[in-house]
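Structure, as structure tokens:
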Amino acid sequence: MNISDGNLKKIGLYLLIILSVARFAVVPAWTAVEKRKAIAEDYLNTYASKKDLLQRYLAVDMKDDPAINNELATLLYPKGSNRTAIQTEMVNFMTKAAEGNSLSVQNFQLLEGMEDPVLIEASVLVRIQGQLRPAYRFLKAIQDARPALRIKSIEINSQDKGYVAKIVVTGYIRKI
């Protein structure tokens, strides 16, 4: 079988076209799959947290022990609380904590949280800018807050004069 120069160039061109199409079709699909995996992992983490809280909640009979009821009241927002009001309270708390740690709040966003038979999520996305050590103190303040707040996700990127962090914080409202 003898391949001439013209046929070899055509074969090379077709092979180049096929590889280009494969690259532009496969890479975006792979990226989409990776994003969906990350979202699924986030849902699994949220589910695990809620499941843990639910198991603790169901293991306790609040009517028999007022001390446990008081402890739950310090960890969760009260039944019937307004989600938007709690999100606003969270934004105010995080803004004060950021300013107290020499960080600047670039913006925030109130997120729709999940709702199940026992708990309601109140989530806020906040973007802060500053140095890492003050950001660590800021995260510690969120961790120590009462009612308890959970840092659902954090993304830190470096910029010219410091770092920008995108943080999703969630508080939980009792439904029962």
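Screening the stretch 159-171 for residues that are modelled with pLDDT under 90 and part of a strand (DSSP E or B) and picking the one that is farthest from ALA40 (Cα to Cα) gives GLY162. From the residues in the stretch 1-29 that are in a helix (DSSP H, G or I) and hydroxyl-bearing (Ser, Thr, Tyr), which one is modelled with the lowest pLDDT? It comes out as SER20. Counted as qualifying within the stretch 41-152 are the helices (runs of 4 or more DSSP H) with 1 or more residues that are modelled with pLDDT under 90 and among the small types (Gly, Ala, Ser), namely 66-75.
Residue check: PRO117 meets all listed conditions (1) more than 16 Å from the chain's Cα centre (by Cα); (2) touching a residue at least 60 places away in the same chain (Cβ under 8 Å) but one, namely (2).
To keep it simple, each residue is scored yes or no on (1) buried (at least 17 other Cβ atoms within 10 Å of the Cβ); (2) closer than 17 Å to GLY80 by Cα; (3) in contact (Cβ under 8 Å) with a residue 24 or more places away in the chain; (4) in the same structural domain as ASN92 (by TED's automatic domain parsing).
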site: GLN109; (1), (2), (3), (4): no, no, no, yes
site: SER123; (1), (2), (3), (4): yes, yes, yes, yes
site: GLY130; (1), (2), (3), (4): yes, no, yes, yes
site: ARG133; (1), (2), (3), (4): no, no, no, yes
site: ARG137; (1), (2), (3), (4): no, no, yes, yes
site: ALA145; (1), (2), (3), (4): no, no, yes, yes
site: LYS152; (1), (2), (3), (4): yes, no, yes, yes
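Of note, ALA73 satisfies the criterion of being farther than 26 Å from TYR43 by Cβ and out of contact with any Phe, Trp or Tyr (no Cβ under 8 Å at 6 or more places or on another chain). When you look at ALA29, is it free of Cβ contacts under 8 Å to residues at least 40 places away in the same chain and exposed (fewer than 12 other Cβ atoms within 10 Å of the Cβ), yes or no? Yes, satisfied.
The values are calculated or read from the model by the stated rules, or taken from the named source; none is laboratory data. Note that the coordinates shown come from a computational prediction; the quantities given were computed from them, not determined experimentally. Ideal geometry is used to build each Cβ from the backbone, glycine not excepted, and the neighbour counts take in all protein chains shown.
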